[in-house]
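The values are calculated or read from the model by the stated rules, or taken from the named source; none is laboratory data. Note that the structure is a prediction, hence the values are computed from the model and not measured. When we count neighbours, we look across all protein chains shown, and the Cβ atoms used for this are built from the backbone with ideal geometry, even at glycine. These accessible areas exclude ligands, DNA and RNA; they are computed on the full protein's heavy atoms, side chains included. Shrake-Rupley method; radii C 1.70, N 1.55, O 1.52, S 1.80 Å.
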Amino acid sequence: MSSNIKNICCIGAGYVGGPTMAVIAQQCPNIIVNVVDLNEQRIAQWNDPSLDNLPIFEPGLKEIVSKTRNINLFFSSKIKECIYQADMIFISVNTPTKNKGIGAGQASDLKWIEGAARQIQKYGRSGTIVVEKSTLPVKTAKMITQILNDSFQSDPNKRFIVISNPEFLSEGTAIENLINPDRVLIGGEESDSIYSLKEIYLNWIEEDKIITTNLWSAELSKLTANAFLSQRISSINSISALCESTGANINEVAKAIGMDKRIGSKFLKAGPGFGGSCFKKDLLNLIYICNYYGLNEVAEYWEKVLSINEWQKKRISKIILEKMFGTLSNKKIAILGFAFKSNTNDTRESPSISICKDLIQEGCKINIYDPEVNKKNIEEALAFVNEDLEESSWDFSNSVYEAATNADAILILTEWSEFKNLNWYEISKIMRKPSWLFDTRSISNIKNAQSYGINIWEVGT
Ligand code: UDX
Ligand code: ADP
């Protein structure tokens, strides 16, 4: 299929921009795709000749980058040139929650969006289509349009068209989600630009999966999808606590309710609480706009989803403390998994961060092992929540066995497949006695561990 778009620029080479552009480049060999970022170190990692150092870990990503990089996919910091050459510009910059000022702790910090919009205004050619890809509060497209077309005009004849194309990819399965999405959503007010983007997706996605809506519906659909998904996790986690009190088993309950087609079986896994860059931020955005429009009851309803998530994390820290005789001082806990979920090296909002912080504050030493998260990222994440983080309070391990050596307890926080069938016979020999296994993901062979004398606790059982 031929498209009128021959050159794409994506601003932001992160978890969204990187994989999305790699798949577009792979599926549309006739389009030049330039991914630009202010962060030169990140760009250097994307350009690493060995491909072993890509800034993000996603199954299947390396293979696609190896086939497209420097053919029709380019990573650079040449922001000005790439914006100028583009027929279509994707904005995929970070939009974290504000940590100060009005709306702190709730509204998104839009300074990176504004920065990108100003760059487009300055260097872009009139008529270029701007695609809003980052997760954003509803009505951000309006703000981008204002920046591009009404204010700060270097050239009053320049006009840009803004459309919204929210990203639904889930980390760890990003490539699969991009190649075979449940749906693609394009929101806009102008049919030609919507069609230009649709044409790109038609290269590999069936037409009936591509939905077009108005701008606000597209933006709100993204927030709503993430609100519903996070609500399911808080729902199942709330029932996990009830299961533990009553003797029911959360896995059996999840299976039984999931077979009801109206409920469905996905996203019913109890755990240490949801993490990731989107769920909390999108819930907070939803709560913020509900309050803004005076819909306080609606805001309170969604606030509860967040508070159950915080409660689940604290509940796990408390259980560990209670089971280990009410004190953790001078004890050592091996933490298995630091990423917010498996198959990613992303630690943003990972439940591991606050649980590790609680344990450190109780005076124990933690030894962290994660197959993909490196020491530096763990250190930064822990230091962020714990200003007085002492070097001696934690250690980085290169394997499960290294982490478990002389540990009083093992705490599984991420569902990496390598934790499924651990050799509990060997592990029981290197741990201190009495030994504990806390499995917050219900992933390990817990009965096997118990047979070697390890005390066990599994979420929701
Ligand atoms: C999410 C949305 O799924 C995606 O569509 C959106 O575009 C971005 O946000 P992501 O944050 O990558 O994606 O991960 P997701 O798979 O949704 O998991 C989020 C969190 O929920 C993780 O911490 C995960 O461990 C947890 N989770 C998920 C559970 O605890 N139980 C489940 O059954 C599913
Ligand atoms: P996401 O998960 O949404 O992809 P990331 O933080 O992984 O978020 O990536 C966003 C990227 O956008 C970062 O690498 C950041 O340096 C980059 N970025 C932010 N603002 C700009 C800008 N104005 N121009 C170029 N890159 C930007």
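Let me know the shape class of the stretch 1-83, please: from the alpha-carbon gyration tensor, a ≥ b ≥ c as square roots of the eigenvalues, rounded when a/c is under 1.5, otherwise prolate if a/b is greater than b/c, or oblate.
Oblate shape, in that a/c is at least 1.5 and b/c is the bigger or equal ratio.
Under the rule of at least 5 residues apart or a separate chain, name every residue whose amide H is placed under 5 Å from the amide H of residue 107.
Under 5 Å from the amide H of residue 107: 98.
Tally up the carbon and sulfur contribution to the accessible surface of the stretch 1-157 as a whole percent, 1.4 Å probe, everything protein left in place.
In the stretch 1-157, the share of accessible area belonging to carbon and sulfur is 51 percent.
For the chain, what is the mean residue ellipticity at 222 nm derived from helices alone (per DSSP H run of n ≥ 4: -39500 (n - 2.57); sum divided by total residues; nearest 500 deg cm²/dmol)?
Calculated mean residue ellipticity at 222 nm is -13000 deg cm²/dmol.
Round to the nearest 10 and give me the degree value, 0 to 90, for the angle of helix 296-323's Cα axis relative to the longest principal axis of the chain.
In the chain, helix 296-323 runs at an angle near 30 degrees to the longest axis.
Which whole-Hz ³J(HN,Hα) couplings does the stretch 280-292 yield from phi under the Karplus relation 6.51 cos²θ - 1.76 cosθ + 1.60, θ = phi - 60°, glycine and proline marked x?
5, 4, 5, 4, 5, 4, 5, 5, 4, 6, 4, 4, 4
Residue 269: which aspartates and glutamates have alpha carbons under 19 Å from its alpha carbon, excluding same-chain residues fewer than 8 sequence positions away?
Result set, ordered by chain and number: 171, 244, 252, 260, 310, 349, 415, 418, 439, 458.
I'd like to check one number: the per residue accessible area of the chain, probe 1.4 Å, reported in Å² as a whole number.
Spelled out: the 1.4 Å probe surface of the chain, per residue, equals 45 Å².
How would you rank 326-338, 43-55, 346-358, highest first, on the average number of other Cβ atoms within 10 Å across their residues?
Going from most to least packed, we get 346-358, 326-338, 43-55.
Sequence-distant or interchain residues sharing an amide H contact under 5 Å with residue 184, placed H: which?
It is 210, 211, by chain and number.
Starting from the stretch 386-461, pick out the chymotrypsin sites (Phe, Trp or Tyr not before Pro) whose DSSP state is loop and whose Cβ has at most 16 other Cβ atoms within 10 Å.
Passing both the DSSP loop test and the Cβ count: 452.
Please list 3J(HN,Hα) in residue order for the stretch 129-139, calculated via the Karplus relation 6.51 cos²θ - 1.76 cosθ + 1.60 where θ = phi - 60°; whole Hz, with x for glycine and proline.
Result, ordered by residue: 8, 10, 10, 7, 10, 4, 6, 9, x, 4, 5 Hz.
List the trypsin sites (Lys or Arg not before Pro) in the stretch 87-141 that DSSP assigns to loop (not H, G, I, E or B) and whose Cβ has at most 11 other Cβ atoms within 10 Å. Which are they?
100
Quick one: go through the stretch 399-415 and flag any residue whose amide nitrogen is under 20 Å from the point 7 Å out along the Cα-to-Cβ line of residue 330.
What the label zone holds, given the 20 Å backbone N cut-off, is 405-410.
Which value, in Å² and to the nearest 10, is the accessible area of residue 390 when all protein chains are kept and the probe is 1.4 Å?
120 Å²
To the nearest 10 degrees, how steeply does helix 351-361 sit against the main Cα axis of the chain, on a 0 to 90 scale?
Around 50 degrees separate the two axes.
Ignoring ligands, DNA and RNA, what percent of the 1.4 Å accessible area of the stretch 368-461 is carbon and sulfur?
Reported share for carbon and sulfur atoms: 43 percent.
For 281, 447, 209, give me the order by solvent-accessible area with a 1.4 Å probe, most accessible first, ignoring ligands, DNA and RNA.
Highest to lowest solvent-accessible surface, that is 447, 209, 281.
Once the convex hull of the C-alpha atoms of the chain is built, how many Å³ does it hold per residue, rounded to a whole number?
Spelled out: Cα convex hull of the chain, divided by residues, is 156 Å³.
What percent does the relative contact order of the chain come to when contacts are Cα pairs within less than 8 Å and at least six residues apart?
Once divided by the residue count of the chain, the mean separation gives 12 percent.
Starting from the amide H of residue 456, placed 1.01 Å from N in the peptide plane, find each other amide H under 5 Å away whose residue is 5 or more places distant or on another chain.
Here 437 satisfy the definition.
Report, in listed order, any pair from 375/420; 365/433; 375/433; 80/222; 62/139; 78/376 with a Cα-Cα distance greater than 25 Å.
Among 375/420; 365/433; 375/433; 80/222; 62/139; 78/376, the Cα-Cα distance tops 25 Å for 375/433; 80/222; 62/139; 78/376.
When a/c is below 1.5 the answer is rounded, else prolate if a/b is larger than b/c, else oblate, so apply that to the stretch 300-459 with a ≥ b ≥ c taken from the square roots of the Cα gyration tensor eigenvalues.
rounded
Expressed as an acute angle from 0 to 90° and rounded to the nearest 10, what is the orientation of the C-alpha long axis of helix 17-27 relative to the principal long axis of the chain?
Tilt relative to the chain: about 60 degrees.
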